[in-house]
Structures are given as structure tokens and as C-alpha cells.
Amino acid sequence: MGVAFKVEDLRFRYPSSKEDTIKGITFDVLEGEVFGLLGPSGAGKSTTQKILIKLLDDYTGSIEYFGKNLKSLDNSFYEEIGVGFEVPVHFSKLTALENMKFFSGFYRQTVDIQGLMERVGLWEYRDVKVGEYSKGMKVRLNFVRALLNKPRVLFLDEVTNGVDPKNARIIKDMIAEFRAKGGTVFLTTHLMNDVEELCDRIAFCVNSRLVEISTPRDLKLQYGKREVKVEYRKNGAIASAVFPLDGIGFNDAFQRLLQTEEIETIHTGESSMEEIFILVTGVEVK
Ligand SMILES: Nc1ncnc2c1ncn2[C@@H]1O[C@H](COP(=O)(O)OP(=O)(O)OP(=O)(O)O)[C@@H](O)[C@H]1O
Ligand SMILES: [Mg+2]
């Protein structure tokens, strides 16, 4: 598996800012993985995405895209990447279909727009002006736009924000399919469910630095407790008992409980992604 992005000691400061927004971060995005960048509001996630897609180039440190210096790449780079911006960018006076046709006109290689719009439930609204679209519809159209050029790498900034659960499901399935076909995804989000479902590896951006680059599963185990909690019904009320996970197969009290009580739930003590986010970043998930 190749390396899509190799980022070393990346630093960046907005011209209007007194401080660095990105304070020296190092990470790789592997080809074929979904890499999630998480972190509290203002941590620098969108800025990092903008740097990787060459919208901001006044950075220090090095960024390689499939082994080539990002700064040396010409506009053909944009043939290979698909970008879903945090704030959907469309022409509100044009219809959704006119928008998609306009944007796909920039690319050599394009997809079947109808197929994509059908998939996200927008084909029947193709002739509606985007200005009349709801927030969720704009976000879905934004996602379609990111896929128009059959990208090799997909950048998605808060891609399911403001989308109802049914449509979020469709978008997440499409991301998983994109990855299954070998596509690489760089994703930023606040939504911990998305992270757990989609990301192969995640990095937390805290105070403009990166911490904890790992898989969701390893993080859950690392931050969790090695214990088993059993909830059962006793005299009409819920009771619970906690046992150490180690040696659980030989734990007599645990076995007895299972045999004698009316068990309602059994859970191991791994942390939820929300808990990990709070532990790592010190910030509550919104
Ligand atoms: N164009 C700009 N000029 C100056 N400062 C900016 C600019 N854009 C962003 N910033 C600042 O850079 C910091 C990082 O912003 P960024 O949008 O990257 O954060 P984020 O992690 O994406 O946050 P969110 O979760 O709210 O989307 C913030 O302090 C923000 O105010
Ligand atoms: Mg952002």
C-alpha cells in the first residue's frame, strides 16, 4: 500500500494571525485508508485540509503526495482529488443539475451525474435552484460534487453535518464503497459515530498539534477499562455488577450471576469515541 500524503513538521500561520494555526504536525495518509482528523472547533482541521488541497501554500515543513512534493504539482493534481468543503459551495441561482454540469466541465474524467444524484436522493430535485435547497440537500449535493471527477483521494470536511440519519447512512455507505474500490479518504468531523464506522485511523488535533494517531478500536481498548458490567433484573428493579475481564471464564461469581439472574445487558468497559475525544482533547463533544 502506498502513501497518499506524507506530512512532516507542517506549520502554518494565517497572514492576519499572530500565532501559528498549525504548529508542526507529522502524519501519513495511506493509500486506500479512511484517515480521520478530529479535534475541537478551531483546532485547525479545515486549515489542514486546505493546505493538503493546495489552497493555502505558505506553509513550512514538507508534504508529499504519492512521493512528489505537493508544491511542485500543477493543476493536474485537481483531476485526482475530490473535495467536499465544510461550507457547500454552489451557484444558488443555478439548478442543482446545472451546478453539477458546470463543475464537471472542469475535469477530463467525469462520472454519471444522474447515478450519483439518484443515489443521494436529489435527482428528482435536479431542476430546483440550489438557493431553494434545504441545508441537508446542499450538503448532499456538495458530496456529489466531490465525486464528479472520479477522484483518487477524497477530502471530506464535516460531510454529514446537517444531514438526516437516512441520508447520512447513504453518504457513509458511499464513502465505504469508495474506499473498498481502493480510494483514499481524508475526513474531518465532529461526529463520533461517523468516525467509528468509517475511519481506519484517526488523529486528534489539539492546540494545533496532533496526538494519538491510532485505530478507533485500539483507542477504545487503550482508554477503556478491562472489565465486564452485567445488568440484571432483581425484584423488579435493575441491578448491576462489575467483574474484571481478565479470567472472566473462570470467575465463579460471574458464572453464578449468569445462571441465576435475569440478565438484561452485558458490556465490556471499552470507552466510547465520545469519552476518548473528551479525554484526549479536554473538550466536550458538541
Ligand atoms: N482565513 C483565516 N484567517 C485567519 N484565521 C483563520 C482563517 N481561517 C481560520 N482561521 C483560524 O484558524 C484556526 C483554525 O481554524 P479551522 O477552521 O482550521 O478550525 P477547525 O478545526 O476546522 O474548526 P471547526 O471544527 O469549527 O470546523 C481558528 O482559530 C480560526 O479562527
Ligand atoms: Mg472546520
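Find out how many positive minus negative residues lie around residue 12, taking Lys and Arg as positive, Asp and Glu as negative, among other residues whose Cβ is under 10 Å from that of residue 12.
On the way: positive: 11, 13, 23, 50; negative: 20, 57, 58.
Net local charge, residue 12 excluded: +1.
May I ask which of 172/220; 45/93; 181/220; 18/93; 6/229 have a Cα-Cα span longer than 32 Å here?
Details: 172/220 21 Å; 45/93 30 Å; 181/220 27 Å; 18/93 38 Å; 6/229 42 Å.
Pairs exceeding the cut-off: 18/93; 6/229.
Could you check what % of the DSSP bridge pairs in the chain are antiparallel, to the nearest 5? If we restrict to bridges inside the chain, about 65 percent are antiparallel.
In the chain the Cα-Cα distances spread across 10 Å bins starting at 0 as 6, 24, 28, 21, 11, 7, 2, 0 percent of all pairs.
In plain terms, the chain is cut at each of the chymotrypsin sites (Phe, Trp or Tyr not before Pro) found in a DSSP loop with at most 14 other Cβ atoms within 10 Å, and the longest leftover piece is 107-286.
Which longest uninterrupted range of the chain lacks any GluC sites (Glu not before Pro) assigned by DSSP to a loop state (not H, G, I, E or B) and surrounded by at most 10 other Cβ atoms within 10 Å? Each step should come with its number before you reach the end.
Numbers: sites that count: 19, 284.
Longest site-free region, per DSSP loop and neighbour criteria: 20-283.
For the range 226-269, the relative contact order comes to 55 percent (Cα pairs under 8 Å, sequence separation of at least 6).
Values quoted throughout were computed directly from the atomic coordinates according to the rules given, and no laboratory measurement underlies them. Owing to the predicted nature of the structure, the values given are computational and were not obtained by experimental measurement. Cβ coordinates were reconstructed from backbone atoms using ideal geometry, including for glycine residues, and neighbour counts include every protein chain displayed.
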